[in-house]
């Protein structure tokens with residue numbers, strides 16, 4: 001599910017996508033998916049696409065927070081929590097740093113030729 005969310009975000013040109021394995025570290029999720037959008041409209045479009053694409057696979061979000069403001073959108077799929085940030089908000093909340101010790105799951109981005 002986390003990889004599907006990352007792939008949907010890649011389709012909308014999200015950047016800095018990371019999947020953090022927080023299994024056993026928190027009781028509210030197994031994976032956090034972090035990504036960055038360029039502006040409010042981009043963040044909202046990424047979040048809408050992630051929710052829509054996962055919905056097509058039978059995964060329903062139990063909560064979506066942060067729309068329509070679009071600074072930081074959180075989509076809760078129970079085992080996977082997706083965070084779509086604008087760059088300033090991502091730096092401010094620094095979830096990457098908070099979960100520095102969490103295992104990272106590789107996300108392949110064929111368009112960029114990197115993983």
Between residue 3 and residue 71, 0.36 nm times their residue separation minus their Cα-Cα distance comes to what? 22.2 nm
Measuring from centroid to centroid over Cα atoms, what is the spacing of the range 1-17 and the range 36-115 in Å? 8
Over the chain, relative contact order from alpha-carbon pairs under 8 Å, at least 6 apart, %: 29
According to a simple spin-label model (label point 7 Å from Cα along Cα-to-Cβ), what is the distance in nm between residue 103 and residue 21? 0.2
List 40, 18 from most exposed to least, where exposure is judged by having the fewest other Cβ atoms within 10 Å. 40, 18
For the range 2-105, what percent of Cα pairs sit more than 20 Å apart? 29
Packing-based order for 57-66, 5-14, 88-97, using average beta carbon neighbours within 10 Å, highest first: 5-14, 88-97, 57-66
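Where a number appears in this text, it was derived from the coordinates with a stated rule and is not lab data. Values in this document were obtained by computation on a predicted structure and should not be read as measured data. Cβ sites come from the backbone with ideal geometry, for glycine too, and all protein chains shown count toward neighbours.
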